Amino acid sequence: MMTELIKIELYKIFKKWRTYIGFIAIGLLVAIIQTAMYFEGQKSLDFMTRNLQDSFLFVGNLLNGFFISYLILNMLTVHIPFLIALVAGDLLAGESTAGTYRILLTRPVSRLQVLSSKFIAGSIYTFSLILWLAIVSLGIGAILFGYGELIVIKSSTVIIFDRNDVLWRFLLAYGFAALGMSVVCSLAFFFSSLVENAIGPIVATMAVIIVFVIVSAINIDVFSSIKPYLFTNYILSWRLIFSDPINTSKLLNAMLILLGHIVLLYGVTAFIFKRKDILS
Amino acid sequence: MQMISMRKLKFVLLSLMIFITMSEFSPQSKDPDEILDGVKEAFKKIEDYEVDIHVKIDVDFLKVPDSEAKLYFKQPNKIHVESKKFALLPRQGLDFSPLGLISGKYTALYEREDTIRDIPTSVVKIIPLGNDGDIILSTFWIDQTRNLIIRVESTKKPTGTFTIDFTYEKSDDHYELPSQMEFTFSVDRMMFPRGMDGQLDDDDDSNKISNSTTGKVYITYTNYKVNQGLPDELFETESNKTK
């Protein structure tokens, strides 16, 4: 029964054209970034490594598909939330707007089953968006730049990973990014259960993310103390995977916090939805 | 009392001046140019070579896997490096050519005799003339019996002081060429510019790295092929231009 419900929800999601905005936007952005890097990437890479090049001779190609994919993942995980909220914010509120809530809930399935199927479908959309990001980043990267060693430049250290030591890190990083985006999906889903129009959840989700990101970025003692409690602080923790050695306890901690947010937001949404007075 | 102190001071100053003058103009027991020319001449027998190199980098702000490459050299200073993977190589002393290490106009001073790894060496200081180069001062430990540079210590602007230690063994062609090179350099902790995404990854262990550090690069040279007649075109290929 659940499988059927999820299939129906997925059909509803992928029937709407707005669902494809995310895929088109990511495809376009990645293509634009890759093209720009093709023409200007070497200059930028030389600028980033100029201190190192004073002492060392670089032999080989560091401007490769892995490096570009790493940059894109850095850039886009901050901006993808809007594309997630666009769909997840509509999952429950959309039924209300369309006036199909009552018809949906008169079927012989529990409210929790309906809610779960919608949540799972939303999560599948989120994961597919990250999967699409991975495919276009690594795929176009391979065609345009080929593959090689990955250079990761941190504020005071430089790590160069062997090409055979990179792909598994990317798979884990994309998985982690999907987890982070699932929190955004849960948040939009939660807001979606409160209102009857999809615009509200989308705007509210983005507002929360923007406020959290700004608070995280400002180095004031008051904000520093609340920073560990903001989920946005852990969305970019996939970067820990590109460290040597990987700080596994910090990574697991970030994963648990993100998972905790998903469980909590889903729990609160279920609580609200079960008691919701359906009027449309 | 004050008169005695003044006299004492004058005596000390006079003694110092005599000592400095004597040491400046005392005849050197060895001719530094002769020592250096011996090294240059010995190396001129090697017109070109190719060699496999294994590079291991030990710098606390730099985590790089060991790399393998092939180094081609042709007199007087042509270098070409080929590597299937990315390789990070020290800019100094890679080709261990004395002509490269002792280039341009300079003043040479014989300093003393010293022993490095049980090898008796002559220590020669080189002060480059003019303002063209980056090297401020170099010290060479030279094995005069084999005319080989055993150690080089140079102060370079702006990167600071570096030391290169060479270990030699006879190649199959009976040329004495380095089998190992240890490049030691002191560097200030590097700060890297912001990435193209406008932000840098946080450094988990940035606080653990001291402001000044000593880095080491170990290069192992194997499978020398000397005087094979390497073509000039080899040194004009694209990979050679890689920064």
Out of B:K45, B:K84, sole residue that is facing another protein chain (nearest Cβ under 9 Å) and either in contact (Cβ under 8 Å) with a residue 12 or more places away in the chain or farther than 30 Å from B:A108 by Cβ (or both):
B:K84
Given the condition aliphatic (A, V, I, L, M), within 14 Å of chain B (Cβ to nearest Cβ) and crowded, with 20+ Cβ neighbours inside 10 Å, answer yes or no: does some residue in segment A:135-151 qualify?
yes
Failed item, numbered, when A:D46 is tested on (1) within 14 Å of another protein chain (Cβ to nearest Cβ); (2) free of Cβ contacts under 8 Å to residues at least 12 places away in the same chain; (3) part of a loop (DSSP other than H, G, I, E, B):
(3)
Can you tell me which of A:L236, A:L131 is within 14 Å of chain B (Cβ to nearest Cβ), within 24 Å of A:I21 (Cβ to Cβ) and surrounded by fewer than 22 Cβ atoms within 10 Å (Cβ to Cβ)?
A:L236
Only listed residue being under 25 Å from A:W168 (Cβ atoms) and at pLDDT 90 or above, chosen from A:I72, A:I24, A:I6
A:I72
In segment B:48-68, residues that are within 13 Å of chain A (Cβ to nearest Cβ) and crowded, with 21+ Cβ neighbours inside 10 Å total 6
Kindly check whether there is at least one residue in segment A:98-112 that is basic (K, R), under 21 Å from the mean Cα position of the chain (by Cα) and either assigned to a helix (DSSP H, G or I) or surrounded by 15 or more Cβ atoms within 10 Å (Cβ to Cβ) (or both).
no
Segment B:113-135 residues that are at pLDDT below 90, paired with ones that are assigned to a loop (DSSP other than H, G, I, E, B) and among the charged types (D, E, K, R) (beta carbon under 6 Å, 6 or more apart):
B:L129/B:K105; B:D134/B:K157
Have a look at B:D143, B:D66, B:D60 and point out the one that is acidic (D, E) and farther than 30 Å from A:N61 by Cβ.
B:D143
Can you work out which of the residues in segment A:162-189 that are touching a helix residue (DSSP H, G or I) at 6+ places or on another chain (Cβ under 7 Å) and among the aromatic types (F, W, Y) is farthest from the other protein chains (Cβ to nearest Cβ)?
A:F189
Residue that is buried (at least 19 other Cβ atoms within 10 Å of the Cβ), within 10 Å of chain A (Cβ to nearest Cβ) and at pLDDT 90 or above, where the choices are B:V217, B:V187:
B:V217
Lone unmet requirement of (1) in a helix (DSSP H, G or I); (2) free of Cβ contacts under 8 Å to residues at least 40 places away in the same chain for A:L115:
(2)
List pairs: first residue in segment A:129-145 and in contact (Cβ under 8 Å) with a residue 12 or more places away in the chain, second residue of a type in the set (S, T, Y) and not in a helix (DSSP H, G or I) anywhere in the structure, Cβ distance under 8 angstrom, at least six positions apart or on different chains.
A:G141/A:Y147
Within segment B:121-136, can you find the residues that are surrounded by 14 or more Cβ atoms within 10 Å (Cβ to Cβ) and either of a type in the set (A, V, I, L, M, F, W, C) or in a strand (DSSP E or B) (or both)?
B:T121, B:S122, B:V123, B:V124, B:K125, B:I126, B:P128, B:I135
Look at A:T157 and say whether it is surrounded by 20 or more Cβ atoms within 10 Å (Cβ to Cβ) and modelled with pLDDT under 90.
yes
May I ask you to list pairs of residues, at least six apart or on different chains, whose Cβ atoms are under 9 Å apart, with the first in segment A:213-225 being within 23 Å of A:F82 (Cβ to Cβ) and the second being of a type in the set (K, R) and surrounded by 12 or more Cβ atoms within 10 Å (Cβ to Cβ)?
A:V215/A:K227; A:S216/A:K227
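Which is surrounded by fewer than 22 Cβ atoms within 10 Å (Cβ to Cβ), outside any loop (DSSP other than H, G, I, E, B) and hydroxyl-bearing (S, T, Y), of A:Y38, A:Y70?
Only one candidate qualifies: A:Y38.
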Per-region count, segment A:226-238, residues free of Cβ contacts under 8 Å to residues at least 12 places away in the same chain and over 18 Å from A:T205 (Cα atoms)
2
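The values are calculated or read from the model by the stated rules, or taken from the named source; none is laboratory data. Model, not experiment: these values are computed from the prediction. Positions of Cβ are backbone-derived with ideal geometry, glycine not excepted, and every protein chain shown enters the neighbour counts.
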